[in-house]
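To keep things clear, I will list the structure first and then write my remarks on it.
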Amino acid sequence: MLQQYMFVLVLIAPFCLLAQARYPFPQADRIGFIDANGVIVIPPVFRAAGRFAEGLAPARTEGLYGFIDSTGNWAIAPQFEYATHFKDGFAIACNGEMPFYINKKGEKALQSQFPKMGHFINGNAIVKSAGGNYGVLNTAGKLVLDTLYIDFKHAEKGRFILERKKTTEAEADFPSYEEGVMDTFGNIIIPFGKYKAIESVQDGGFTAWLPDSIAANRKRISRRLRTDLMGKPLFVFQEPNPEKGTLQPETRDGFLRIFVPLAAPDSKDFGPPKGYMRLLDATGRIILDDTSYAKIGLFSNSRAFAQKQNSQWVILDTNGARVSDQVFSEVLEDFDNGYAFVKQNRLWGLIDTMAGFVFTPQFKEVSVPVQNQDYFIFKQPNAAQKKGARFGLADYNGRVLMPALIDRFLSKFPNEAGVIYAIQGDTLLYINEKGLVVRREQITEGSAGLQQLNLDYQLESYFFADTEAGYNNLGDAPFVPATDLDADHDFPQSGLSITVRPEERDTLFGQYRAMAVYVANTSAERVWFNAADGCLYMSVQALNPEGQWQDIESFWDVSCGNSFHSISLPGKQYWRFLSPEYDGAFKTKLRIRLEYALPTDEAETIGRTIEEVRTIYSNTYDGAVNPAQFWHREGYFRYGLFGVGKE
């Protein structure tokens, strides 16, 4: 029942925008806008919409995107297969795979085109060339930094750490690439290749790795240094050293931490080494040298948590002095905006930078919604049940915004408006970025009815199969078990086949119309398939406007090599899958492609991907899609870039 809300939210989520007084909300299969008080200000007529930024919001009613103003009228007529929000006066739009910048008249703004482009921030945007190299473009369309860099990292205060391939053969102990630091004007701050590696520090300086050297006793000597914002060296640390201290890798707060052992390591002791943490500033000056401190955390808001040898936590200032006599059994995170969560007597409380309690320890659990600094979520036992708990909301001024009455959250990740969705009994709650419930909707079973699936991106694979029933690793899509064929089955006798039956209706994701898809093996032999975590290489295709078959679904991202394996469909058995009934502006023909494998021997089928594969196709059937489904994959925004493929 509640799953119907989950899928609609996907149509809002791709846009990450600044907060304004218009918030998108889903209603059935449409999206409208509410104000900060939960009042509907733009009726739910859009198939998809982003949030307002710079006075405009991307939206579509059919297959193409335009931009609406705060009244819901079209400021830029629908004309783009996909479009993002405005930032610094520019939005990114697409008609086909290649993105381009547009201005607020809907006109192409810059001649420069790259397959991956980022939003402008303070007049600069990261771009990526077809060759896979990064550069920086300004709003005049000029490359401030040419596309010469194989990696690109933002540093502090207008600096970039860039990585490029070596033009000469790599020296011993150096990687095959070289890093350097440049500013937004293209000035070199740290020359390329001077150091093995470079990392940014919060105070605007850098940590750099010098080439290793070999001592007279043939032991390798490792050296790291700290620089200021202009790349000037401040302090060099060498390992090994007389105290056998180890420089800790985390230095981004501007301080150095050295772990100093208190005893020689015992080969029979498998626990962590016994020692203490010494604290230094960026120049190497010792701030704190106290053997009672086992750990010293990062400084934030001029405060750091430090763990004593007895496992209790205390608070230090930047001079290494304790702020108060308060001790805590556990800390959640570093200070943020002057506050931190701490645990005493098995309960969580909230403190300020002077260790004063804003909330005394009283919460079973606490969490902070992503990208939110105005309120937090707390968890308390459900008094009405022996087991279970409910959730409430509180701000950082010591006010409970909502007592523990929420049963669950649909997601603790806010949409682009800062709104999260929660369930209280049979009511859907809209909670804004201030932690206030701005809208309530009654949830009624089947009130929206079954819908066709109208998307502007490729749905990720959902064909999970096995010889036994079960659930995939996502927990919401069941593995489809193999079933014996009836003697009077009507599948093709050619062996392996895939058949779509649009007339055999069903429901997918609890909300959408679906049709039955059969993969049948009428032979007596087992048929093998490559898979990733049980998901077959199987997808819906559509005839594009040029009359060519093209995927409108994509295979889901798999990052773990252990996910890849092979599964089989025994002879005289079949799988029955479901595929959504797509809706869109472009009427066309659809079919489903399926990849199967041909192992050379039995050994190739055991926990391995089979190299030789073949493809078969289903019967064709009528359908409709939107233009962006031919190329737009979810996750096109990765690391601040929008474009073809995934980062």
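Odds and ends about this structure:
- Extension gain for Leu401-Met230 works out to 56.9 nm (0.36 nm per residue, less the C-alpha to C-alpha distance).
- Under 13 Å from the Cα of Lys434 - aspartates and glutamates, other chains or at least 8 residues apart: Asp374, Asp395
- Value of D in µm² per second that Stokes-Einstein yields for the stretch 250-406, Kirkwood Rh from Cα pairs, at 20 °C (1.002 mPa s): 124 µm²/s
- Per-pair calculated FRET efficiency, R0 = 60 Å: Val558 and Asp289 via Cβ, rounded to 0.05: 0.80
- Estimated FRET transfer efficiency (Ala36, Ala384; beta-carbon r; R0 30 Å; 0.05): 0.40
- Accessible area (Å², per residue) of the chain, counting only protein heavy atoms and a probe of 1.4 Å: 47 Å²
- Coupling constants for the stretch 600-617 follow from the phi torsions by the Karplus curve (6.51 cos²θ - 1.76 cosθ + 1.60, θ = phi - 60°), and in residue order they are 7, 7, 5, 4, 6, 8, 8, x, 9, 8, 7, 6, 7, 10, 9, 10, 10, 10 Hz; glycine and proline get x.
- A protection proxy built from the mean count of other Cβ atoms within 10 Å ranks the segments 582-590, 80-88, most packed first, as 80-88, 582-590.
- Histogrammed with a bin width of 5 Å, the alpha carbon distances of the stretch 103-244 distribute as 2, 9, 17, 17, 16, 13, 9, 6, 4, 3, 2, 1, 0, 0, 0 percent, first bin at zero.
- For the stretch 231-239, 3J(HN,Hα) per residue [Karplus equation, 6.51 cos²θ - 1.76 cosθ + 1.60, θ = phi - 60°, Hz, x = Gly/Pro]: x, 6, x, 10, 7, 10, 10, 10, 10
- Taking packing as the residue-averaged number of other Cβ atoms within 10 angstrom, the listed peptides 508-518, 523-533 run from highest to lowest as 508-518, 523-533.
- The aspartates and glutamates within cross-link reach of Lys104, meaning a Cα-to-Cα straight distance under 12 Å and a gap of 8 or more places when in the same chain, are Glu54, Asp69, Asp88.
- Coordinate range of the alpha-carbon atoms in the stretch 356-413 per principal axis, descending: 32, 27, 15 Å.
- Approximating the spin labels as points 7 Å out from Cα along Cα→Cβ, the Ala603-to-Arg576 distance works out to 4.1 nm.
- Listed by chain and number, the lysines placed with their C-alpha closer than 27 angstrom to that of Lys387 are Lys343, Lys364, Lys379, Lys412; residues fewer than eight positions away on the same chain are left out.
- Relative contact order of the chain: 9 percent, from C-alpha pairs under 8 Å at least 6 residues apart in sequence.
- Share of carbon and sulfur in the accessible area of the chain stands at 49%, probe radius 1.4 Å.
- Packing-based order for 388-400, 24-36, 112-124, using average beta carbon neighbours within 10 Å, highest first: 24-36, 112-124, 388-400
- Note on the stretch 570-631: with charges restricted to the Cβ of Lys and Arg (+1) and Asp and Glu (-1), its dipole about the Cα centre is near 340 debye.
- Length gained on full extension, Asn619 to Ala516, computed as 0.36 nm times the residue gap minus the Cα-Cα distance: 35.8 nm.
- If you take all other residues with their beta carbon under 15 Å from the beta carbon of Gly72, and give Lys and Arg +1 and Asp and Glu -1, the sum is +3.
- Equivalent-ellipsoid semi-axes of the stretch 301-376, from the Cα gyration tensor, Å, largest first: 19, 15, 10
- Geometric descriptor of the stretch 55-160, per residue, is 101 Å³ (volume of the convex hull of the Cα atoms).
- The modelled label-to-label distance between Lys108 and Thr318, using points 7 Å beyond Cα along the C-beta direction, is 5.0 nm.
- A full extension of the chain between Arg408 and Ser329 corresponds to an added length of 25.7 nm, given 0.36 nm per residue minus the alpha carbon distance.
- Extent along principal axes [Cα atoms of the chain; Å; largest to smallest]: 82, 60, 60
- Distant-in-sequence amide contacts of Gln79, defined by a placed amide H-H separation under 5 Å and a gap of 5 or more residues or a different chain, comprise Tyr65, Gly66.
- Applying a threshold of 21 Å to the alpha-carbon distances of Lys142/Lys196; Lys165/Lys194; Lys116/Lys589; Lys87/Lys142; Lys87/Lys128 flags Lys142/Lys196; Lys116/Lys589 as lying beyond it.
The values are calculated or read from the model by the stated rules, or taken from the named source; none is laboratory data. This structure is a prediction, so every number in the text was calculated from the model and none was measured. As a convention, Cβ positions derive from the backbone with ideal geometry for all residues, glycine included, and neighbour counts pool all protein chains shown. To get the accessible areas, we keep the full protein, side chains included, count just its heavy atoms, and leave off ligands, DNA and RNA. Shrake-Rupley method; radii C 1.70, N 1.55, O 1.52, S 1.80 Å.
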